[in-house]
1. Alpha carbons only, please: Rg and Dmax for the chain, in angstrom.
2. Of the candidates Val230, Val214, Val48, which one comes out as most mobile in a Gaussian network treatment of the chain with C-alpha springs shorter than 10 Å?
3. For His237, His186, His173, what ranking results if the residue with the fewest other Cβ atoms within 10 Å of its Cβ goes first?
4. List every residue whose amide H lies under 5 Å from the amide H of Gln40, counting only residues 5 or more places away in sequence or on a different chain, with H placed 1.01 Å from N in the peptide plane.
5. Tell me the relative contact order for the chain as a rounded percent, counting alpha carbon contacts under 8 Å between residues six or more apart.
6. In degrees from 0 to 90, rounded to the nearest 10, what is the angle of the helix 140-154 Cα long axis to the longest principal axis of the chain?
7. Can you tell me the 0 to 90 degree angle between the C-alpha axis of helix 119-135 and the longest principal axis of the chain, rounded to 10?
8. Counting only helical runs of four or more DSSP H residues, what would the 222 nm mean residue ellipticity of the chain come to if each run contributes -39,500 (n - 2.57) and the total is spread over all its residues?
Amino acid sequence: MSGRSSFAAHTYRVDAVVLRTHKLGEADRIITLLSSQHGQIRAVAKGVRRTSSKFGGRLEPFMVSDLQLVSGRTLDIISQAVTRSSYGQQIAAHYDRYTVATAMAETAEKLTDADTESAGAQYRLLVGALASLSRGEHSSELILDSYLLRSLATAGWAASFEDCARCGRPGPHSAFSAPLGGAVCHDCRPPGSPSPAAATMLLLAALLSGDWAVADASELVNRREAAGLVASFVQWHLERNVRSLRLVERD
Ligand SMILES: [Zn+2]
């Protein structure tokens, strides 16, 4: 927190979603949060693993809460938590939703690690995807692939599935290149680029724009092909593997 006094404890409030938690000492946890106001925050929840904890289940992964924090010397400390949306419970009850939410949270953590500029947009995108996932509105895998394409676009890596991602020549094109950013024309296509089905390119475009009528009507074979291309695009641009993507079972 900028401008805080070094003499008095500084308290601040945020709307935040829990990305991840890990144990600290006997009863505490470090909570990795994505807040709409200050981007990613790592904070300590004291006594949260005790059954008598005042936080209850409010700081579990994918919970959206209104939090009060106190600035600390190294990590801030969570002093209050009021649940806003309990997506965590509906998500944790379904294994497929849980693995998808875990992959989304891991991606959000990587995308907001250094970038605070797009944090508000990333927060809204993730909370929207978690809400949709918890209600089972669409196939969990489609929600994941749409989230991945949109969160990368928000971070500055917008894929193109119509015009050539390199030279801009109007599409549709039949080749795909993750390094070049999506569909590529005949001249720009690097050797060995995959040639996905036309229906797969249309599905990818629908997932990026949030056209759910098209996405929900897609065939399984195109969903599977799209998922592979989205994964290659994410891995290329994040440069580090999103490990939990491998846990998502594709049906
Ligand atoms: Zn081109």
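Since every read-out is calculated from the coordinates, none of them should be taken as a lab result. Given the structure is predicted, the values throughout are model-derived calculations rather than measurements. Note that we place each Cβ from the backbone using ideal geometry, even for glycine, and neighbour counts take in every protein chain shown.
1. 19.9, 65
2. Result for the chain, Cα springs under 10 Å: Val214 fluctuates most.
3. Least to most surrounded, the residues fall as His186, His237, His173.
4. Ser35
5. In percent, rounded to a whole number, it is 15.
6. Around 90 degrees separate the two axes.
7. So the helix axis and the longest Cα principal axis differ by about 80 degrees.
8. For the chain, the value works out to -11500 deg cm²/dmol.
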